[in-house]
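Below you'll find the structure, written out as structure tokens, and then a few comments.
Every number here is computed from the coordinates shown, using simple stated rules; none is lab data. For clarity, every value in this text was computed on a predicted model and none was experimentally measured. A quick note on method: Cβ atoms are made from the backbone with ideal geometry, for glycine too, and the neighbour counts reach across all protein chains shown.
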Amino acid sequence: MGTLASSLAEGRAEERLPDKKPLLTRAEAHAEAERCLYCTDAPCIQACPTTIDIPTFIKKIASGNVRGSARTILEQNLLGYSCSRVCPVEELCAGSCVYEGWGREPIQIGRLQRFATEQALGEQGLRALYTPKPRNGRKVACIGAGPASLAFAGTLALEGVEAVLFEKRAVPGGLNATGIAPYKLPAKEAVREVEWVLELGVRIEHAHVGEGGKRGAELLADYDAVFVGVGLGEDSRLGVPGEDGPGVVGAVDWIEQMKLDPKANGPLGRVVVVGGGNTAIDVARECAQLGATEVAMVYRRGRDAMSGYAHELEGARKEGVRLVEQATPVAFLRDPAGKLVGVRLARTEGGKPVAGSEYEIPCDLAVLAIGQAKLRAIAAEFPGVELDARGCVVVDEATRRTKNPKVFAGGDCVNGGTEVVNAVAEGRDAARFLIAEWSK
């Protein structure tokens, strides 16, 4: 384990959670790989945002060529290790497997991808498989050290470009390190993958970009291109009485504390999670696995309208999470000392509270998973960079270039918040465009 990963403190709550899909043994991987039909025009490839040649990497596992399998994965997805663990394969590649149409168990693509990348990379990382080209004099700056920026920086570093990541947090890796459910990807593993990218010659500076820090004008003057991969902003709030104070916290903040702060490792008591997306489900499952007395997930519409994946919700149900549908908080209740003791809910119709329908449920912790604000200030740093009506950076879909020809962007700040694999694809595509343009 490298310096960054080993610097994470012991005693963090996430360390108590088991691996949801443990690493396959060599025999298990070989047996599973042998099940693959190696389809022509494989639907699994079409379902992968990074278009990994899935049948080929699986066939190489079956033949014992694990290093070759890893190379097939990493050629398309430099962060293929973390994606193997966090991708919703049930909705993407595995969900498109032809076995699904026959009512049979689909190939465990994610677990096979993890086996290949983890075995091939080991402690040596990407340098075990790739040697970057000599430096060619080009320089790029990446704002943020999340998956989109890492894919952009790593792809260019392999081509001899000097890439610098500007990251304001002490722990790099973006949501892979701070926001992914630890039963999918612990922080140490996310940071280890960052170290692999840094070993390609990518440099990281722990610096804020914007007012009070490094300014956009400096980056534009000092670098040949700038990539914006800042993700999203702070957790959204409900704006109801009693919300401000201890015991009510945003989901992203709560997950980060649970993953990184040893002090946030106490008993949870009764928990209410507000929201119906995958982040809300992750928090609810984490709380249940960490021993919460009760976990209720409150959603303002019905189950069918939830954006969270059905298989994740089913996992939460099996772990004891109770879904409260057609309800929304109208106040958080506190005792005379200010301690959170409950939440007042109203029944809803069409997502709106119904007057006179209020009722109360007790809770010691309320986690709000209702979205995140957009980082609008970053656009002001770069002339020509535009935002759409949602507050997301506007880019050309093919090149990831903004209206400023030197500025590119990808990840959640562009797509509003999708999957890690989408962010990787966007960072990779921007880098490939620059490589092609600079080669002319």
Worksheet, complete the sentence: Listed by chain and number, the residues whose amide H is under 5 Å from that of GLY250, excluding neighbours fewer than 5 places away on the same chain and using placed H, are LEU368
Worksheet item: The list (1) 1.32; (2) 1.01; (3) 0.94 gives values of Cα Rg over 2.2 N^0.38 Å, and only one came from this structure; which label was calculated from it?
Response: (2)
Worksheet item: Say the cut-off is 25 Å between C-alpha atoms; which of LYS139/LYS184; LYS139/LYS214; LYS133/LYS406 go over it?
Response: LYS139/LYS184
Discussion item. Just to confirm the number: angle between the C-alpha axis of helix 147-158 and the first principal axis of the chain, 0 to 90 degrees, nearest 10?
Written reply: 10 degrees
Worksheet, complete the sentence: Under the rule rounded for a/c under 1.5, else prolate if a/b exceeds b/c, else oblate, using alpha carbon gyration tensor axes a ≥ b ≥ c, segment 248-368 is classed as oblate
Item to complete: With a 10 Å radius around each residue's Cβ, average the other Cβ atoms per peptide and rank 308-316, 175-183, highest first.
Response: 175-183, 308-316
Item to complete: Go through segment 164-170 residue by residue and turn each phi into a ³J(HN,Hα) via Karplus (6.51, -1.76, 1.60, θ = phi - 60°); whole Hz please, and just put x for glycine and proline.
Response: 10, 9, 9, 10, 7, 7, 5
Worksheet item: What order do you get for 336-343, 184-191 when each peptide is scored by the mean count of other beta carbon atoms within 10 Å, highest first?
Response: 184-191, 336-343
Worksheet entry | Anisotropy class of segment 17-127 from Cα gyration tensor, a/c 1.5 cut | rounded
Practice prompt. Compute the long axis of helix 278-289 from its Cα atoms, compare it with the longest principal axis of the Cα atoms of the chain, and write down the angle in degrees, 0 to 90, nearest 10.
Written response: 70 degrees
Worksheet, complete the sentence: The answer for GLU205, listing residues at least 5 apart or on another chain whose modeled amide H is closer than 5 Å to its amide H, is LEU165, PHE166, GLU167
Worksheet item: Between THR51 and ARG16, what length comes free when the chain is fully extended (0.36 nm per residue of separation minus the Cα-Cα distance, one decimal in nm)?
Response: 9.2 nm
Practice prompt. Mind listing the long-range amide H neighbours of PHE408? Cut-off is under 5 Å, sequence gap 5 or more, other chains count too, H placed in the peptide plane at 1.01 Å from N.
Written response: VAL226, PHE227, VAL228, THR402
Worksheet entry | Share antiparallel - DSSP beta bridges, the chain, percent rounded to 5 | 35 percent
Discussion item. Need the list of lysines near LYS188 for cross-linking: C-alpha distance under 17 angstrom, and skip anything on the same chain fewer than eight residues off.
Written reply: LYS20, LYS21, LYS259
